[in-house]
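Just below is one structure, and these are the notes that go with it.
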Amino acid sequence: MTLYTAMPLELVLDGAGQEPGPFVDLSIGGVTMRVLPIAPGLGRIERLLSAPLDYYLKPEYSPGQTIAYGERSIQADYTQTASEYSPYEV
Amino acid sequence: MNDNPYVKLTSEQPPGPGVSPMEEARRANAAVEAVVQLGQTAVPQAESNVFCLTIIGQVEGHMILPPQNKTTKYEHIIPQLVAAEQNPKIEGILIILNTVGGDVEAGLAIAEMIASLSKPKVGIVLGGGHSIGGPIAVSADYTYIAETATMTIHPIRLNGLIIGVPQTFEYLEKMQERVVGFVTRHSRITEDKFKELMNKTGELNRDIGTTVIGEDAVKHGLIDAVGGLGDAMRHLNQMIMERRGVQSGNVLGGVRVQ
């Protein structure tokens, strides 16, 4: 990976050793997304793992948006970190 | 017999068990419900034929950057561009750029995707379009730069473990050539001029390279014109109208060519 940026790298990479997460993978209404829980039933979208194409054009499904889950969620797969997660695991 | 109109009204329109008509109407509105119950403020969007793509902060690629960075994630931008290309309601794409650079692979991937879109696309550089922001800026059909916006052009640096052999330099040259090649293919700047700006000394205090501001970027041929949102929208709408004309066969001033 090559970072080509005008910002000093020590600022960009500050805190890079801290693993992000733990993330929760959710499927809501046909959209599978990786979410960072911020409160019970509320999470911040990290990224969409799979979704119909038009969902990528909806601002409410863009990374960084808050989404309510819980009762609505069909399937929740708790993972420790992003690196440990494999979508192909049964 | 009861002549009280209030009682008559309530008996004719039963509101349901413990729910007033106003409450029912409010519950029917999903957007209001989301605000009341969940605190979400997703405002219903008006239909537009222009898709606005904003690229801000660091362009995030293969590695999740630490949370103090404001990032644009390329794995979201790529399907967005695919969706914009195939959605018949979207007729043009407006790219708003204010980035400090980021991952070379991700930045070039976004730039190549934008350049290969068949729909009209116009870019605006606001604030800054530094480093890998350069190729993204020139990838649109026509790009404006705000009068005060800057673009930093500087050489690529290698991160991580570097082996002190000549091949390392050759690899770096190849990586740089990708950026230089893309920018010169998609703008009016010559390769020699771009490399001259990239390797200039005495301009940046921590690096070699050049910062070009607004008018300078146009003068060097990197950007097409100095302008803002109004100019960009006007240009995009004009391109959309021209494309509609071509698609419907009206290529000669509104006269259908048979």
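The values are calculated or read from the model by the stated rules, or taken from the named source; none is laboratory data. None of the values given here were measured: they were computed from a predicted structure. Virtual Cβ from ideal backbone geometry, glycine too; neighbours counted across all protein chains shown.
What single numbered condition from (1) acidic (Asp, Glu); (2) more than 9 Å from chain A (Cβ to nearest Cβ); (3) over 18 Å from B:Leu236 (Cα atoms) fails to hold for B:Glu105?
(2)
Just give me the residues in region A:15-41 being more than 14 Å from A:Glu60 (Cα to Cα) and of a type in the set (A, V, I, L, M), in sequence order.
Matches in region A:15-41: A:Ala16, A:Val24, A:Leu26, A:Leu36, A:Ile38, A:Ala39.
So is B:Lys200 basic (Lys, Arg) and at pLDDT 95 or above or not? Give the steps one after another, and end with the answer.
Working: basic (Lys, Arg): yes; at pLDDT 95 or above: no.
Against the criterion (basic (Lys, Arg) and at pLDDT 95 or above), B:Lys200 does not qualify.
Being modelled with pLDDT of 90 or more and either of a type in the set (A, V, I, L, M) or more than 19 Å from the chain's Cα centre (by Cα) (or both) is the filter here, so list the residues in region B:18-66 that pass it.
Within region B:18-66, B:Val50, B:Leu53, B:Ile55, B:Ile56, B:Val59 meet the criteria.
Is it the case that region A:11-33 has a residue that's at pLDDT 90 or above, within 29 Å of B:Arg178 (Cβ to Cβ) and within 9 Å of chain B (Cβ to nearest Cβ)?
No, there is no match, as no residue in region A:11-33 is at pLDDT 90 or above, within 29 Å of B:Arg178 (Cβ to Cβ) and within 9 Å of chain B (Cβ to nearest Cβ).
Residues are listed down the side, and each one gets a yes or a no for (1) within 26 Å of A:Met33 (Cβ to Cβ); (2) touching a His at 6+ places or on another chain (Cβ under 8 Å); (3) in contact (Cβ under 8 Å) with a residue 40 or more places away in the chain:
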position: B:Ala84; (1), (2), (3): yes, no, no
position: B:Val100; (1), (2), (3): no, yes, yes
position: B:Asp103; (1), (2), (3): yes, yes, yes
position: B:Val122; (1), (2), (3): no, yes, yes
position: B:Val138; (1), (2), (3): no, yes, yes
position: B:Thr150; (1), (2), (3): no, yes, yes
position: B:Gly160; (1), (2), (3): no, no, no
position: B:Leu172; (1), (2), (3): no, no, no
position: B:Ser187; (1), (2), (3): no, no, yes
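Table: residues versus (1) at the interface with chain A (Cβ under 10 Å from one of its Cβ atoms); (2) in a loop (DSSP other than H, G, I, E, B).
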{"residue": "B:Ile77", "(1), (2)": "yes, no"}
{"residue": "B:Glu85", "(1), (2)": "yes, no"}
{"residue": "B:Ile93", "(1), (2)": "no, no"}
{"residue": "B:Gly101", "(1), (2)": "yes, no"}
{"residue": "B:Ile114", "(1), (2)": "no, no"}
{"residue": "B:Gly127", "(1), (2)": "no, no"}
{"residue": "B:Thr143", "(1), (2)": "no, no"}
{"residue": "B:Asn159", "(1), (2)": "yes, yes"}
{"residue": "B:Val183", "(1), (2)": "no, no"}
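If I filter region B:132-141 for residues that are more than 19 Å from B:Gly221 (Cβ to Cβ), within 13 Å of the chain's Cα centre (by Cα) and assigned to a helix (DSSP H, G or I), do I get at least one hit?
no
Determine, yes or no, whether B:Arg234 is assigned to a helix (DSSP H, G or I), among the basic types (Lys, Arg) and surrounded by fewer than 19 Cβ atoms within 10 Å (Cβ to Cβ). Before the answer, list the steps.
Values: assigned to a helix (DSSP H, G or I): yes; among the basic types (Lys, Arg): yes; surrounded by fewer than 19 Cβ atoms within 10 Å (Cβ to Cβ): yes.
Taking the combined requirement at face value, the residue satisfies it.
If we only count strands (runs of 3 or more DSSP E) wholly inside region A:1-46, which ones have 1 or more residues that are touching a residue at least 24 places away in the same chain (Cβ under 8 Å) and not hydroxyl-bearing (Ser, Thr, Tyr)? Outline the logic, then answer.
Working: elements: A:3-5, A:24-28, A:31-39.
Hits in region A:1-46: A:24-28, A:31-39.
Out of the residues in region B:145-170 meeting the condition of being surrounded by 15 or more Cβ atoms within 10 Å (Cβ to Cβ) and of a type in the set (Ser, Thr, Tyr), tell me which one is nearest to B:Asp103 (Cα to Cα).
Checking each candidate, the answer is B:Thr152.
Mind listing just one residue for me: the one in region A:1-46 that is of a type in the set (D, E, K, R) and closer than 30 Å to B:His154 by Cβ and, of those, surrounded by the fewest Cβ atoms within 10 Å (Cβ to Cβ)? Let's see the steps before the verdict.
Here is the first cut: in region A:1-46, the ones of a type in the set (D, E, K, R) are A:10, A:14, A:19, A:25, A:34, A:44, A:46.
In the following step, the residues that additionally are closer than 30 Å to B:His154 by Cβ were identified as A:10, A:14.
Values: A:Glu10: 7, A:Asp14: 14.
Per the stated criteria, the residue is A:Glu10.
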